[in-house]
Structure formats: C-alpha cells, structure tokens
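K.L.:
Attaching a single structure in structure tokens format; questions to follow.
The values are calculated or read from the model by the stated rules, or taken from the named source; none is laboratory data. A quick note: this is a predicted structure, and the numbers were derived from the prediction, not measured. Counting neighbours? That spans all protein chains shown, and the Cβs are built from the backbone with ideal geometry, glycine included.
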C-alpha cells in the first residue's frame, strides 16, 4: 500500500488547529467509568485505574522522551494514548499517530477506541518506513509520535530509541504487554528500559468486576496474533484467568474425545 507523504503530513499538522475535533473526545474520556489514580512526571488526569513507574532523571528541552502505556484488552490503552495526544496538541505541538496495518477492524486510516472515538493515523507494516512515507521534511517538524497496537511492530525498540535519542522527539507507545498466555507480546516489554514513564492500566474482570490485568481468549485458536474484540477476548482477574484456562483446557479435552469417538464409528 502506497502513502502520499504530502497529504498525510498535512492531515496530521492540521490537527493542532482543529480544537473542535477533540470536544467529543474530551466528553467521552471524562465519562469513562474508572476513577483516575495516575502518578506522572507531568500533571495528568487519566480516567483509568493505573499503576505507574517513573524515572527521576532531568532532561533538557531538546531531549526526546518515551512513554509506554500497557495493559490487557479493554483497559483503555488507546483512550489514554489519544488523551495524551490531545494534551500535546493543546500545547501547540505537532503530532502523528501510527498503528499496525494488521488491525483493520475499524479501517486503516484511523485509530479508534472501543467507544468509537477516533483520530487519523498512518497504518504501517513496520515503523522503519514511517519517515519515508510521512515525508522527510514533515518528519523533521514533528514533535510527538504516537504508536498504537505496538505489540505488532518487530522494529519497535530500534525505532523508539532512534526517534527519542537521535531525533529528540517524544514517543507515546500503547500496546499489550502480554498475550493470552501471559507471555511477553512482541517488543513492548523490550522498550521499558528506554522509557521515561511506564503506565500499567487495568480493566474490569468480566466475571467478578475486580481489577483485571490479564486477557483470556475465549476461542480455541492457539496462534499468538489473533485480531479480535469482545467476541474473542475478555479481561479477567488472576483468579478467573486461572479458572478460565482450566475451563478452556477441559473443553478442549472434551472436544478431542468426541472427535475420537466419532472416528471410531466411521
């Protein structure tokens, strides 16, 4: 898929002057059901329960920054990313948002939350092609780059390091820290040593309502990358993740035994 650099960059730079674009975003975020408990280097008011770890190192105005937002499915990672992008635009900074072209549930031209709030983005298969497709001159004028669904980018570590360390830009990364087996997903955890801040979001357990830090897959597929929403995944607490995995394994055993029995009658 080819992307014309000039219209794309113009689309993002026009965001700073379109304050009405974010009125609905602000209303949607302010009505998010969880209360904020964020600790940050800068004053924040993210309406999601979080656990944050921050460094205390001082930075010059020309230094880049890397901020990482992680959590399970339905924790509000994209909502938090867009909230931070809105704050950067309000400060007059130029921004661009990138997402993986693997996730086309809501189209490839926008980053969309589960609540339907969206902003224009650039959908790519890899991050290393961003500068060329966005345009070198337009890239040099960027202050902030947001990355959604970061677990799908294999070159995430190198891109974030170069953009922040070499080019002095702020990178805001949102993605899953673990897959449905609670194993590291992609390169998201690899960039934590590079990060100025790490925000761990929680959802609500779909079974008991407690804080949920894990994602349970409800289907039989076993591949790591399986794009889906509430039809495939559910956020759960530790107790119901463990019991849910037991139930999933039991169901698989029953299905396998039924296949064997059916085969014996053939």
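K.L.:
Could you please find all residues in the range 75-94 being surrounded by 22 or more Cβ atoms within 10 Å (Cβ to Cβ) and not in a helix (DSSP H, G or I)?
P.N.:
75, 76
K.L.:
What's the number of the condition residue 185 fails, among (1) at pLDDT 95 or above; (2) under 14 Å from the mean Cα position of the chain (by Cα)?
P.N.:
It fails just one condition, (1).
K.L.:
Say whether the condition of being under 19 Å from residue 177 (Cβ atoms), in a strand (DSSP E or B) and at pLDDT 90 or above is met by at least one residue in the range 237-246.
P.N.:
Taking every residue of the range 237-246 in turn, none turns out to be under 19 Å from residue 177 (Cβ atoms), in a strand (DSSP E or B) and at pLDDT 90 or above.
K.L.:
Now, a different point. When you check residue 216 against the structure, is it outside the structural domain of residue 110 (by TED's automatic domain parsing), touching a residue at least 24 places away in the same chain (Cβ under 8 Å), surrounded by 18 or more Cβ atoms within 10 Å (Cβ to Cβ) and touching a helix residue (DSSP H, G or I) at 6+ places or on another chain (Cβ under 8 Å), yes or no?
P.N.:
When the stated conditions are applied, residue 216 passes them.
K.L.:
Being in the same structural domain as residue 240 (by TED's automatic domain parsing) and either touching a residue at least 12 places away in the same chain (Cβ under 8 Å) or closer than 18 Å to residue 111 by Cβ (or both): is that true of residue 182 here?
P.N.:
The answer is no for residue 182.
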